[in-house]
Amino acid sequence: MRIAVHVFDGITAFHASVPLEVFGEVSRLGLDGDDEWTVSVWSDDGEPVRTYEGLALSELAGPEAAEDADLLVFPAWHADYRATPEPLAGLIHRAHDRGALVAGLCLGAFPVAGGGILDGRGAVTHWAAAGEFAERFPAVDV
(Lines give C-alpha, C1' and ligand atoms only; values in the text may rest on other atoms or scores of the structure.)
Protein backbone atom coordinates (compact mmCIF):
# COMPACT_ATOMS: atom_id res chain seq x y z
CA MET A 1 0.00 0.00 0.00
CA ARG A 2 1.31 3.43 -0.98
CA ILE A 3 0.38 6.11 1.55
CA ALA A 4 0.88 9.83 0.95
CA VAL A 5 0.72 12.21 3.94
CA HIS A 6 0.17 15.90 3.18
CA VAL A 7 2.04 18.57 5.18
CA PHE A 8 2.11 22.37 4.96
CA ASP A 9 3.73 25.37 6.61
CA GLY A 10 2.29 25.70 10.10
CA ILE A 11 1.12 22.11 10.58
CA THR A 12 1.73 20.96 14.13
CA ALA A 13 4.43 18.38 14.68
CA PHE A 14 1.82 16.23 16.43
CA HIS A 15 -0.55 16.16 13.46
CA ALA A 16 2.26 15.46 11.01
CA SER A 17 3.69 12.67 13.13
CA VAL A 18 0.57 10.67 13.94
CA PRO A 19 -0.02 9.08 10.51
CA LEU A 20 3.72 8.56 10.12
CA GLU A 21 3.86 6.70 13.41
CA VAL A 22 0.76 4.61 12.71
CA PHE A 23 1.64 3.57 9.16
CA GLY A 24 5.37 3.37 9.83
CA GLU A 25 4.72 0.91 12.66
CA VAL A 26 3.09 -1.51 10.21
CA SER A 27 6.30 -1.66 8.21
CA ARG A 28 8.59 -1.73 11.25
CA LEU A 29 6.76 -4.67 12.80
CA GLY A 30 6.31 -6.56 9.53
CA LEU A 31 2.54 -6.53 9.91
CA ASP A 32 1.99 -5.90 6.22
CA GLY A 33 2.33 -9.54 5.22
CA ASP A 34 3.39 -9.85 1.62
CA ASP A 35 2.43 -6.27 0.80
CA GLU A 36 5.00 -3.52 1.14
CA TRP A 37 3.72 -0.36 2.76
CA THR A 38 5.45 2.85 1.78
CA VAL A 39 4.77 6.23 3.31
CA SER A 40 5.58 9.44 1.47
CA VAL A 41 5.38 12.89 2.99
CA TRP A 42 4.52 15.61 0.51
CA SER A 43 3.82 19.30 0.29
CA ASP A 44 1.94 21.21 -2.39
CA ASP A 45 5.17 22.16 -4.16
CA GLY A 46 7.67 19.61 -2.81
CA GLU A 47 9.47 22.35 -0.90
CA PRO A 48 10.36 22.08 2.80
CA VAL A 49 7.81 23.27 5.35
CA ARG A 50 8.13 24.45 8.93
CA THR A 51 5.86 23.13 11.66
CA TYR A 52 4.05 25.41 14.05
CA GLU A 53 6.71 24.54 16.62
CA GLY A 54 9.52 25.56 14.27
CA LEU A 55 10.73 22.16 13.10
CA ALA A 56 11.82 22.04 9.47
CA LEU A 57 10.45 19.15 7.42
CA SER A 58 12.63 18.74 4.35
CA GLU A 59 13.25 16.27 1.54
CA LEU A 60 9.53 16.18 0.88
CA ALA A 61 7.88 14.80 -2.20
CA GLY A 62 5.66 16.97 -4.33
CA PRO A 63 2.07 16.29 -5.38
CA GLU A 64 3.25 13.49 -7.68
CA ALA A 65 3.54 11.31 -4.54
CA ALA A 66 -0.23 11.52 -4.16
CA GLU A 67 -1.05 10.91 -7.82
CA ASP A 68 -0.55 7.14 -7.52
CA ALA A 69 -1.01 6.62 -3.78
CA ASP A 70 -3.55 4.11 -2.50
CA LEU A 71 -4.31 6.32 0.50
CA LEU A 72 -4.06 10.10 0.83
CA VAL A 73 -3.95 11.38 4.40
CA PHE A 74 -4.68 14.99 5.31
CA PRO A 75 -3.77 15.04 9.02
CA ALA A 76 -4.70 18.69 9.57
CA TRP A 77 -5.48 21.96 7.81
CA HIS A 78 -4.65 25.60 8.22
CA ALA A 79 -6.00 27.28 11.35
CA ASP A 80 -7.83 29.87 9.22
CA TYR A 81 -9.79 27.09 7.45
CA ARG A 82 -8.75 28.49 4.08
CA ALA A 83 -10.30 27.20 0.89
CA THR A 84 -8.68 24.21 -0.77
CA PRO A 85 -6.50 25.49 -3.64
CA GLU A 86 -7.72 24.26 -7.02
CA PRO A 87 -4.64 22.13 -7.80
CA LEU A 88 -5.08 20.30 -4.48
CA ALA A 89 -8.85 19.97 -4.93
CA GLY A 90 -8.28 18.46 -8.37
CA LEU A 91 -5.70 16.04 -7.02
CA ILE A 92 -8.12 14.88 -4.30
CA HIS A 93 -10.93 14.44 -6.81
CA ARG A 94 -8.72 12.48 -9.23
CA ALA A 95 -7.50 10.22 -6.41
CA HIS A 96 -11.07 9.48 -5.38
CA ASP A 97 -12.13 8.84 -8.98
CA ARG A 98 -9.36 6.27 -9.45
CA GLY A 99 -10.40 4.43 -6.27
CA ALA A 100 -7.84 5.70 -3.78
CA LEU A 101 -8.88 6.15 -0.17
CA VAL A 102 -8.82 9.74 1.06
CA ALA A 103 -8.74 10.46 4.80
CA GLY A 104 -9.01 13.80 6.52
CA LEU A 105 -8.12 13.78 10.20
CA CYS A 106 -9.57 16.54 12.38
CA LEU A 107 -9.32 19.77 10.33
CA GLY A 108 -8.09 17.62 7.44
CA ALA A 109 -11.78 17.21 6.61
CA PHE A 110 -11.65 20.72 5.09
CA PRO A 111 -9.40 19.95 2.11
CA VAL A 112 -11.17 16.62 1.57
CA ALA A 113 -14.56 18.36 1.40
CA GLY A 114 -12.94 21.07 -0.73
CA GLY A 115 -12.04 18.32 -3.18
CA GLY A 116 -15.76 17.74 -3.68
CA ILE A 117 -15.83 14.11 -2.62
CA LEU A 118 -17.88 14.38 0.59
CA ASP A 119 -21.13 15.74 -0.85
CA GLY A 120 -24.00 13.55 0.31
CA ARG A 121 -21.81 11.86 2.92
CA GLY A 122 -21.24 12.26 6.63
CA ALA A 123 -18.07 13.87 7.98
CA VAL A 124 -16.60 14.97 11.28
CA THR A 125 -14.08 17.64 12.12
CA HIS A 126 -12.80 19.47 15.18
CA TRP A 127 -15.71 20.64 17.32
CA ALA A 128 -14.56 24.28 17.16
CA ALA A 129 -14.66 24.22 13.36
CA ALA A 130 -17.89 22.23 12.90
CA GLY A 131 -20.04 25.33 12.36
CA GLU A 132 -17.69 26.79 9.77
CA PHE A 133 -17.44 23.41 8.06
CA ALA A 134 -21.24 22.99 7.91
CA GLU A 135 -21.68 26.51 6.55
CA ARG A 136 -19.02 26.10 3.88
CA PHE A 137 -20.03 22.58 2.82
CA PRO A 138 -23.85 22.42 3.11
CA ALA A 139 -24.02 19.23 1.00
CA VAL A 140 -22.01 17.36 3.66
CA ASP A 141 -23.75 15.94 6.73
CA VAL A 142 -21.59 17.21 9.62
Sole residue being out of contact with any Gly (no Cβ under 9 Å at 6 or more places or on another chain) and under 30 Å from Ala130 (Cα atoms), chosen from Val22, Val39, Val26
Val22
Complete set of residues in segment 87-97 that are surrounded by fewer than 17 Cβ atoms within 10 Å (Cβ to Cβ) and under 17 Å from His6 (Cα atoms)
Pro87, Gly90, His93, Arg94
Exactly one of these conditions fails for Thr84: (1) touching a Pro at 6+ places or on another chain (Cβ under 6 Å); (2) surrounded by 19 or more Cβ atoms within 10 Å (Cβ to Cβ); (3) more than 21 Å from Thr125 (Cα to Cα). Give me its number.
(3)
Sole miss for Asp68 among (1) surrounded by 13 or more Cβ atoms within 10 Å (Cβ to Cβ); (2) touching a strand residue (DSSP E or B) at 6+ places or on another chain (Cβ under 7 Å) is condition (1)
Which residue is farthest from the chain's Cα centre (by Cα), if the candidates are limited to segment 71-80 and must be surrounded by fewer than 16 Cβ atoms within 10 Å (Cβ to Cβ) and touching a residue at least 12 places away in the same chain (Cβ under 8 Å)?
Ala79
Count of segment 81-110 residues which are among the aromatic types (Phe, Trp, Tyr) and under 11 Å from the mean Cα position of the chain (by Cα):
1
Would you tally the residues in segment 120-136 being within 25 Å of Asp70 (Cβ to Cβ) and in contact with a helix residue (DSSP H, G or I) (Cβ under 8 Å, 6 or more places away or on another chain)?
3
Any hit, segment 98-106, residues being surrounded by 19 or more Cβ atoms within 10 Å (Cβ to Cβ), touching a His at 6+ places or on another chain (Cβ under 8 Å), under 22 Å from Ile3 (Cβ atoms) and β-branched (Val, Ile, Thr)
yes
Can Arg136 be described as of a type in the set (Lys, Arg), more than 17 Å from Val18 (Cβ to Cβ) and either in contact (Cβ under 8 Å) with a residue 24 or more places away in the chain or surrounded by 13 or more Cβ atoms within 10 Å (Cβ to Cβ) (or both)?
yes
Thr125 passes all but one of the listed conditions (1) open to solvent by less than 30 Å² (accessible area, probe 1.4 Å); (2) touching a Ser or Thr at 6+ places or on another chain (Cβ under 9 Å); (3) not aromatic (Phe, Trp, Tyr); the exception is number (2)
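The values are calculated or read from the model by the stated rules, or taken from the named source; none is laboratory data. These numbers come from a predicted model, not from an experiment. Note: ideal-geometry Cβ built from the backbone for every residue, glycine included; neighbour counts use all protein chains shown. Surface accessibility is based on the protein's heavy atoms, side chains included, excluding ligands, DNA and RNA. Shrake-Rupley method; radii C 1.70, N 1.55, O 1.52, S 1.80 Å.
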